1. Output yes when any residue across the range 107-117 is touching a residue at least 24 places away in the same chain (Cβ under 8 Å), basic (Lys, Arg) and in contact with a helix residue (DSSP H, G or I) (Cβ under 8 Å, 6 or more places away or on another chain), and no when none is.
2. For the range 106-128, give me each residue that is over 22 Å from the mean Cα position of the chain (by Cα) and within 13 Å of Glu51 (Cβ to Cβ).
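Derivation of every value follows stated rules applied to the coordinates shown; laboratory data play no part. Just so you know, these numbers come straight off a predicted model, no measurement behind them. Don't worry about glycine lacking a Cβ; one is built from the backbone with ideal geometry, like all the others, and counts go over all protein chains shown.
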Amino acid sequence: MAIHVLKAIDLLDRQIEWTKAQLLAEQSAAQSPLCPEEKKLPLKWTGSIAEWVELIYALYLVKRINGGKISLKSLFRWMGEIFDFEVREHASYFMNIKNRTDEKRTKFTDLMCDALLERMTESDRKPPLK
């Protein structure tokens with residue numbers, strides 16, 4: 001074969017490989033639950049330390065992460081990596097939450113529940129889309 005034909009075949013092979021890689025990247029991006037802008041946006045915890053501790057303890061105690069087969073320390077570490085937030089002395093914060101003297105010891109989880117119920121009530125008031 002002529003050298004030009006070999007170069008053309010080589011060029012086509014590289015183009016095919018590049019196209020395969022592009023298609024795989026697009027397919028992977030399409031399967032991702034986050035759009036490209038969201039992937040670049042880091043998740044940051046913006047609540048208080050007490051709210052964080054209350055949330056993690058609640059998740060741990062209802063055993064909804066790995067069916068409850070995760071240690072509290074691992075859950076704090078794992079969630080901390082996701083939300084770029086670290087609390088080293090979570091047990092002392094839990095004691096402070098537990099020792100609250102007002103009527104709402106679970107302020108943050110109550111706040112979340114109230115917000116969800118309010119959203120449901122608002123949704124019930126809106127006419128259905130046709």
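1. Yes, that holds for at least one residue.
2. Across the range 106-128, the qualifying residues are Thr106, Lys107.
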